[in-house]
Every structure is written in structure tokens, then in C-alpha cells.
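Right, one structure below, let's go through it.
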Amino acid sequence: MVATAATSAFFPVTPPDSSESKNKKLGGGSTSLESIKSKPLASSGNLQVKANAQAHPKVNGSTVMTTPVENFKNDDGVSSPPPRTFINQLPDWSMLLAAITTIFLAAEKQWMMLDWKPRRPDMVIDPFGIGKIVQDGLVYSQNFSIRSYEIGADRTASIETLMNHLQETAINHCRSAGLLGEGFGATPEMCKKNLIWVVTRMQVVIDRYPTWGDVVQVDTWASASGKNGMRRDWLVSNSETGEILTRATSVWVMMNKLTRRLSKIPEEVRGEIEPFFMNSDPVLAEDSQKLVKLDDSSAEYVCKGLTPKWSDLDVNQHVNNVKYIGWILESAPLPILESHELCAMTLEYRRECGRDSVLHSLTAVSDSDVENTGNFGEINCQHLLRLEDGAEIVRGRTRWRPKYAKSLGNMDQISAERE
């Protein structure tokens with residue numbers, strides 16, 4: 001109303017006839033183009049003018065009902081359109097506000113992804129916020145939160161979860177360093193030559209398993225291993241306390257993914273990866289003890305009929321090396337699994353298995369009295385994963401220590417018996 005009054009001060013309005021105003025109702029009836037007809041003007045004789053049809057104005061998306069305004073007449077008696085007021089000229093502000101909000105959100109997201117400012121001079125943050133490269137770009141660090149679906153019956157993270165973290169950081173390290181081509185962990189030159197990385201040896205020591213809700217920090221780096229190999233080490237710690245949880249080292253070689261044969265490192269590939277090699281000793285001393293080959297006569301526990309599923313294959317069309325660990329533990333005795341926890345393992349990968357392979361898992365325990373494992377200290381086991389025809393897939397050795405909860409339970413039971 002104020003706007004209308006202010007506008008009327010600049011545009012004089014001749015008041016409409018009172019008799020016509022009484023016959024009109026506010027917002028009454030519906031208006032359409034077909035119902036509007038020409039009306040004769042009293043002061044213009046035979047001159048007829050079509051009425052102005054105007055939709056109801058909108059303010060912030062809502063329809064505003066206004067009082068119909070009669071055509072205005074000038075001094076000559078000719079009708080003129082109603083004055084343009086502030087109210088009926090308002091745009092749809094809700095649509096404009098939504099567009100501005102969308103633009104700002106998109107700009108903020110793009111800025112977050114492209115924010116490469118490091119917190120320290122020796123730190124480079126990847127654009128996806130996954131991890132960071134430290135120590136002159138040679139060490140990659142990434143945090144993982146232990147989820148509820150990653151823990152086992154002991155309420156701690158499973159060995160498969162820990163191994164997946166190691167593999168994930170290795171791949172992300174290559175990507176953050178700009179060495180990730182079209183393949184799974186392969187550099188651009190490796191992709192051109194159809195080469196992929198395969199692990200030949202893995203050694204892991206678990207000092208303590210993280211539990212649900214813990215956040216672990218995984219640091220990884222690569223080094224040369226002989227002339228045609230690469231060593232990758234990992235150090236897993238509690239992100240809050242810095243406590244070392246797991247140490248792991250591994251050896252990798254190249255294989256042609258078409259012929260499935262091992263290959264030397266081409267000079268073009270060597271030029272890509274050597275600048276990222278760290279001159280350091282392995283995080284674990286090499287386990288020089290020879291791994292024993294088991295057979296049906298020396299194995300005490302055998303699990304047959306293990307077959308890969310489609311979900312067990314990676315993008316290189318071979319079974320993920322983490323899956324082999326689960327198959328090895330399929331033949332581990334249940335009393336050991338109930339009273340002990342895996343604290344160390346050494347694996348030698350002999351060959352890969354395909355989608356149609358059928359495997360056997362064999363285990364031999366160093367102590368014969370497995371049923372009384374609660375009274376023992378650490379237990380060593382020998383493992384073999386093989387095909388039906390006897391071809392070796394993985395040789396392994398594991399070390400098991402008594403579970404802390406089990407040990408405390410035994411101590412309480414002994415104390416109660418003495419009392």
C-alpha cells in the first residue's frame with residue numbers, strides 16, 4: 001500500500017466510477033483470455049478498446065491478489081494502461097536465491113578439491129583428501145577408521161581388514177605421486193607394455209589389533225629390491241597415541257598380463273619409479289627361516305574345495321592376494337582360533353590362480369596337543385595353499401599368541417581355584 005501510494009504521487013490517478021467499484025469483488029472468479037471481451041467506452045462514441053489482461057503478480061513465489069484497477073483516462077478521454085507500481089514489478093526472488101545458492105555450493109566444492117596448500121613445507125595433500133605425502137614426497141600417509149563391519153568375533157579388526165589397508169595405501173601412493181596409469185597400480189609406461197605388479201613375498205608382524213572406532217595411520221614407502229624388484233614397507237600406528245600396531249614389508253616384481261610371465265623392469269619404467277624410491281632398511285628383518293612344503297602326509301588339517309568367486313578377482317583378472325590369507329586360515333584348527341590370535345606371518349606367493357581354480361588349504365601345527373592350546377605360549381603353524389593337481393599357490397608360516405582376554409580369564413580361574 002505504501003508503494004502504491006508513493007507511485008500515485010508521481011502518476012495522478014482518476015478514481016473509478018463508484019457504481020462500478022461496488023459491483024467488483026476482490027479476487028472473485030477466474031480470469032481467462034477467452035472471457036475478456038471488448039467494452040464500449042461512454043465518452044468515446046464508437047471507439048472500442050480491448051481490456052488489459054494481466055496475471056496476478058508473484059512475490060517470492062506466492063501469488064498476490066490485488067484490487068482490479070480500471071483503465072485510466074487522459075484529458076482527451078482515451079484510456080491508458082494502469083501505472084507500473086513496485087508491487088506488480090517484483091521478480092520471483094525464490095528462484096534467484098536458489099540459483100545463487102547452487103553457484104556458491106558448486107564453487108565451494110570445487111575450491112575444496114583444488115586446495116593444494118600444505119600445512120607444512122614437507123607435506124603435499126592430494127586433491128581428493130585421501131592422504132598426504134610427507135618426507136620430500138617419498139612417504140605416503142593415510143588414516144583409516146575401523147568400522148563395525150571390519151571387526152571379528154574378538155571385537156578387533158580382522159587380518160583381512162589390515163591387509164586391505166596396506167593395499168589401499170600402496171595404490172593411493174602411486175596415484176598421489178602421479179604414477180597411476182590405466183592399470184591397477186601400474187605406471188603409464190607399464191600400461192603401454194602390458195605390465196603389472198605382483199607380490200612375491202609378504203611379511204607382517206602385528207603388535208596389537210585396533211578395535212572398533214580406532215583411527216589408524218598407515219605410512220608406506222617404496223625401495224629397490226635387487227635389479228628387478230621393488231620393496232614396499234608399511235608402518236601402522238594409532239593416530240592419537242602414536243603406538244605402533246603393525247609392521248609389514250613385501251617384495252614385488254613385474255608380470256606381463258597377457259603372457260602371465262615375469263618380466264624385467266624396462267628402463268622407461270625404471271625412470272618413472274626410481275625417483276620415488278627411499279634409501280632405507282626394511283621395517284622388518286628378513287625372515288630367513290625356510291618355509292616348509294606340506295603334503296597330504298605332513299599336513300594335519302586339510303580344507304578342500306575352495307573356489308574363487310567373481311568378487312575375489314581384481315581388475316588384473318587374478319585373485320587378490322588378501323584373499324589367499326583367508327583361504328590359508330580356513331584350515332587353521334578351531335581351538336587355536338578361539339584361544340590365540342595371529343601375531344606374525346610370512347607368505348611366499350608361488351603362482352596365481354584363476355577364476356575356475358579349485359584349491360586345497362593345508363596346515364600343520366608345531367605342537368601336537370592342539371586341544372590344550374590355552375596352556376601354551378606362542379604356537380607356530382605351517383601352511384600351504386595349492387591347486388587340485390598339487391601346484392603350489394602360496395607357502396606360509398604363522399605365529400599365534402594367547403589372546404589377552406583368554407589369558408586374563410585363565411588367571412582369574414587359577415586364582416579362584418587356589419582360594
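Please treat every number below as a calculation from the coordinates, not as lab data. Treat the numbers as computed from the prediction; the structure is a model and nothing was measured. Glycine gets a Cβ as well: all are built from the backbone with ideal geometry, and neighbour counts include every protein chain shown.
Data table
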read-out: Cut-off 15 Å, label 7 Å out along Cα→Cβ of residue 352, residues of the range 191-229 by amide N; value: 191, 193-201
read-out: Two-site FRET efficiency, residue 387 against residue 240, from Cβ-Cβ distance with R₀ of 51 Å, rounded to 0.05; value: 0.70
read-out: Net charge over other residues, Cβ less than 14 angstrom from the Cβ of residue 289 (K, R count +1; D, E count -1); value: +3
read-out: Pairwise FRET efficiency - residue 268 versus residue 290, Cβ, R0 = 45 Å, nearest 0.05; value: 0.80
read-out: Sparsely packed GluC sites (Glu not before Pro) within the range 213-301, loop by DSSP, other Cβ within 10 Å at most 16; value: 240, 243, 286, 300
read-out: Per-residue HN-Hα couplings for the range 317-329 [Karplus 6.51, -1.76, 1.60; θ = phi - 60°; Hz; x = Gly/Pro]; value: 6, 9, 5, 4, 5, 5, 5, 4, 5, x, 5, 4, 6
read-out: Neighbourhood charge, 15 Å Cβ-Cβ cut-off, centred on residue 358 and excluding it, Lys, Arg +1 and Asp, Glu -1; value: -1
read-out: Out-of-range pairs (alpha-carbon distance over 27 Å; input 193/290; 193/227; 293/323; 132/257); value: 193/290; 132/257
read-out: Label zone at residue 228, where the point sits 7 Å out along the Cα-to-Cβ direction: the range 258-274 residues whose backbone N lies under 13 Å; value: 261-267
